[in-house]
Amino acid sequence: MNWTPTRRRVATVAVLASLTLIGTLGVQMAARSADTKEQVIKVSTKRFSYSPSEIRLKKGVPVVLELTTEDIMMGFNLPDFKVHGDIVPGKVTQVRLVPDKVGTFVFLCDIFCGAGHEEMSGKIVVVD
Ligand SMILES: [Cu+2]
């Protein structure tokens, strides 16, 4: 086929547009399937506590914690599962984990936030 530069440009744009569309659909489908199998738990913080301060999870069930702060920047650190997130005012911080062991595990604030910082903690209880 003897393509003019204009035709070639139109064809290129069409190919790029299709690729973008396919990519977008792929991302949406991945997000949807992730939504259906992950349990989402919202956790809000303020000086110097987490709410809820005790989170019950089931072993093997993937979970997303959606962390927010009502006042200043906080940390979320769950060392037993190597999970960490900075909680920034005005944003939702997502951390993911799949609990692979049963027990009670402490999470704590690892960003200095004031006088009660050292006591700012909560626990995750994983059951079978
Ligand atoms: Cu703190």
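The numbers here are math on the coordinates, done by the rules we state, and not lab data. The structure displayed is predicted, hence computed values, not measured ones.
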Give the cross-link partners of LYS46 among the lysines, using a straight C-alpha distance below 27 Å as the criterion and excluding same-chain residues fewer than 8 apart.
LYS58, LYS82, LYS91, LYS123
If you stretched the chain out fully between ILE72 and VAL102, how much longer would it get, using 0.36 nm times the residue separation minus the C-alpha to C-alpha distance?
7.6 nm
